[in-house]
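Student: Below you will find the structure I want to go over with you.
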């Protein structure tokens, strides 16, 4: 297997972008990444998208979007893995370069969620859960997370304040991110007293709905120096899966898929969590972030609240989490999220993250999950 | 790159299977393929499906279906490439084994089209065409094919009878195929005088709508002998793309994506079309089959009608086309079709195709396209 580097990054600002379409968003991200990489000739495109079929009445989007992005004639493949579609595309593209199948690969993610064909975004996002045993019975993705949050609060004696502090931190970070959908700070009062969505989850515990696209250019590390002044290497990659239906799992307070993916990625990268300088994780809801930080080995089970209080994950702390603002405040255009996470870590490791720069960052991790952890991807990058 | 062999095949009969679900169909096909292969331990699953989101309100299906098929814990990836999703999954799985990324891989395709959430199957199938420049203006997939068929008939002075003869042949073949959705013969009178769908296309020029799943087990050729008495090698693989929107192409009577994919596959296999013993091609409509046979190099442009009259493609002819009955009569469960095509060729090359066996078949080709040839996959197999 060859070593693989990222030599280009492109992103659109996330938002309710009624003047942008699926194709215009994706084209902008790809053009940005290609320009950033120095315009190498591209051998293949891997594209992460969850639901252009339901959101935009458009399938067959690999062929469509490669054509509109100026990559006509390039073999293009669409990967769907729910909310983890972006990282799934990265993982497949990474393997293609590592194995020698392709040299220069664009990996992109896009989701156009506003102005949809059906305008029923909550139903569509819940199609990442099981339609026969969960959604059919009225259990949506937020419903699963709400049950888990209540169980977590009872098991570890944690109050809603601790979750609210996480959301406040995410908005603090996003306020420094020009790509963020919600680039403003919120108060603890606002976080605590926002409208309930599914108790104990309130609005400020939830990632927003938005449109966006992000793209990366990958190539063998040995070629990277010709194209980028600061190539960033992918030193670890892991993919884990769990039983699909929530109630069939053994442990409701741990994401097995994330534990498995992290173990594989850490082993490959030959590092421990303590050696990371930052991470971008999947905080669809604040409870998802809590479980994830524990399952990635950042802290022990039940210890996230205390870690937040001690400043562990703050932008100026020992291990900043989601300097971008995370899904909560940077935004969560579903199939693009995994690519946004990696784009952020690349900018951080290049020292190009502006006001949200983590000083001296050399090693970063991304974690993107599908559904409530039906599958999970962990990538580790080094400058 | 390692040589890759197919060591297992599984299929369900195609039909209006109201008692089967997306997951039950897929599980049956995978279990069949694993049993046929001698139950090796599987390293990865690649799954082709066009539109579980629109048909079944279910996304995130790689994690879902791997769990239900008994492959929980196996990294699973869903590939969507419209009507070409099945071959796209094969192509990705083939590359994964050839490159050394994985050893034992299941490639499956599934589509559950009946009993859908919306019951608007024509609209959903048209989402493989462009929603902004084609579908929005009322141009469906059958509409594009109808315009091309009329142009073809005028350009090459071909009558509807020639297309009807193709459909009659497909039903003849399907009548010998226990997996076929429409396993009965039709008369020339029935083919000619079926209801018009979009003139000059009549019902008997069209593939039916149906449910089905098919699966294959792939592994390095060097390991294949331990698992299968008759491993079938993939000796050629090609992937071509064209401009997505029909009216932006230079030639309306040729599928550039198929020509490109075929050139790549023939070169890799080091054979010419004349050396093939059979082929399974993508006859969504009879006109699609005509263009495809020409673009695959079977005959010159405009010469298919004469070739059919001379018996070239008959089951007992020099180069049988679609011994399975093709999309027309075996059926076209969209995301599974490419896998059904390859499963048929594997059975033929093993000599296990029963009443539809092509005697002494050693080399076969499959061609699966997306939309009206936005992308195209060609694979060549040898016993």
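Student: If the elastic network links every pair of Cα atoms under 10 Å, which of B:84, B:53, B:326 fluctuates the most in the Gaussian network model of chain B?
Tutor: For chain B, modelled as a Gaussian network with Cα springs under 10 Å, the answer is B:53.
Student: For the range B:261-348, calculate the relative contact order in percent as a whole number, restricting contacts to Cα pairs under 8 Å that are 6 or more residues apart.
Tutor: Values: 84 pairs, mean separation 27.1, N = 88.
Relative contact order, the range B:261-348: 31 percent.
Student: For chain A, give the share of DSSP beta bridges that are antiparallel, in percent and rounded to the nearest 5; count only bridges with both residues there.
Tutor: Working: 37 of 51 bridges.
Percent antiparallel among DSSP bridges in chain A is about 75.
Student: Quick check: convex hull of the Cα atoms in the protein assembly as shown, volume per residue, rounded to a whole Å³? Numbers along the way, then the final one.
Tutor: On the way: hull volume 102.6 nm³, N = 766.
Given the Cα convex hull of the protein assembly as shown, per-residue volume reads 134 Å³.
Student: Counting partner chain Cβ atoms within 10 Å of every residue's Cβ in A:20-28, what's the average? Before the final figure, lay out each step's value.
Tutor: Values: counts 0, 2, 2, 4, 0, 0, 0, 0, 0.
Per residue, the number of nearby Cβ atoms from other chains is 1 on average.
Student: Out of every Cα-Cα pair in chain A, what percent are more than 34 Å apart? Let's see the in-between values first.
Tutor: Details: 13881 of 73153 pairs.
Of the Cα pairs, 19 percent sit more than 34 Å apart.
Student: For the range B:116-241, what are the per-bin percents of Cα-Cα distances with bins 5 Å wide, up to the bin holding the maximum?
Tutor: It works out to 2, 8, 12, 13, 15, 17, 13, 9, 6, 4, 1, 0, in whole percents.
Student: Specify the inter-centroid distance of the range A:312-347 and the range B:312-341, based on alpha-carbon positions, in whole Å.
Tutor: Result: 49 Å between the Cα centres.
Student: Taking every residue in A:88-101, how many Cβ atoms of other protein chains lie within 10 Å of its Cβ, on average? Kindly include the intermediate steps, with their values, before the conclusion.
Tutor: Working: counts 6, 1, 0, 2, 8, 0, 0, 9, 5, 0, 3, 8, 5, 8.
Per-residue shielding by partner chains comes out at 4.
Student: Shifting gears a bit: Could you work out Rg/(2.2 N^0.38 Å) for the range A:190-280, with Rg from alpha carbons only?
Tutor: Values: Rg = 19.0 Å, N = 91, 2.2 N^0.38 = 12.2 Å.
The reported ratio for this selection is 1.56.
Student: How many angstrom separate the Cα center of the range B:270-311 from the Cα center of the range B:131-148?
Tutor: Value for the Cα centre distance between the two parts: 25 Å.
Student: Output the peptides A:353-366, B:290-303 sorted from most to least packed, where packing is the average of other Cβ atoms within 10 Å over each peptide's residues. Each step should come with its number before you reach the end.
Tutor: On the way: A:353-366: 18.5, B:290-303: 21.0.
Order by mean packing, descending: B:290-303, A:353-366.
Student: Let me ask another. Please determine, in degrees from 0 to 90 and to the nearest 10, the orientation of helix B:256-269 with respect to the longest principal axis defined by the Cα atoms of chain B, where the helix direction is its Cα long axis.
Tutor: Helix B:256-269 sits at roughly 50 degrees to that axis.
Student: Please compute the contact order of chain B in relative form: average sequence separation of alpha-carbon pairs under 8 Å and at least six residues apart, divided by the residue count, as a percent.
Tutor: Values: 974 pairs, mean separation 97.9, N = 383.
26 percent.
Student: Relative to the longest principal axis of chain A, what angle (0 to 90°, nearest 10) does the C-alpha long axis of helix A:160-174 take?
Tutor: The helix A:160-174 is inclined about 30 degrees to chain A.
Student: Specify the inter-centroid distance of the range B:186-244 and the range B:6-76, based on alpha-carbon positions, in whole Å.
Tutor: If you average the Cα positions of each part, the centres end up 17 Å apart.
Student: Mind checking B:131-138 for the average number of partner chain beta-carbons within 10 Å of each residue's beta-carbon? Could the numbers behind the result be given before it?
Tutor: Numbers: counts 10, 6, 0, 0, 2, 1, 0, 0.
What the average comes to for B:131-138 is 2.
Student: Could I ask something else about it? Could you work out the relative contact order of the range B:33-78? I mean the mean sequence separation of Cα pairs under 8 Å and 6+ apart, divided by the number of residues, in percent. Could the numbers behind the result be given before it?
Tutor: On the way: 38 pairs, mean separation 20.9, N = 46.
The value is 45 percent.
Student: Another question, then. So for each of B:43-49, A:133-139, B:102-108, B:31-37 I average, over its residues, the number of other beta carbons within 10 Å; can you give me the resulting order with the highest mean first? Kindly include the intermediate steps, with their values, before the conclusion.
Tutor: Working: B:43-49: 27.7, A:133-139: 14.7, B:102-108: 26.0, B:31-37: 19.9.
Final packing ranking: B:43-49, B:102-108, B:31-37, A:133-139.
Student: Okay, next question. If you average over every viewing direction, what projected area does the convex hull of the Cα atoms of the range B:256-334 give, in nm²? It would help to have the intermediate numbers written out before the result.
Tutor: Working: hull surface 21.3 nm².
That works out to 5.3 nm², a quarter of the Cα hull's surface.
Student: Given only helices, namely DSSP H runs of n ≥ 4 each adding -39500 (n - 2.57), what is the per-residue ellipticity at 222 nm of the protein assembly as shown, to the nearest 500 deg cm²/dmol? Each step should come with its number before you reach the end.
Tutor: Details: 28 runs with 274 residues, N = 766.
Roughly -10500 deg cm²/dmol at 222 nm, from the helical runs in the protein assembly as shown.
Student: Rank these for me by crowding, A:256, B:185, A:95, going from fewest to most other beta carbons within 10 Å. Intermediate values should be presented prior to the final figure.
Tutor: Numbers: A:256 18, B:185 15, A:95 25.
So the ranking, lowest neighbour count to highest, is B:185, A:256, A:95.
Student: What is the diffusion coefficient of the range A:308-383 in µm²/s, taking the Kirkwood radius over Cα pairs and the Stokes-Einstein relation at 20 °C with a viscosity of 1.002 mPa s? Present the calculation step by step, with values, prior to reporting the outcome.
Tutor: Details: Rh = 13.0 Å.
Answer, rounded: 165 µm²/s.
Read the figures in this text as sums done on the coordinates, not as results from a lab. Here the structure is a predicted model, which means the values were calculated and not measured. Methodologically, a virtual Cβ is constructed for each residue, glycine included, from the backbone with ideal geometry; neighbour enumeration extends over all protein chains shown.
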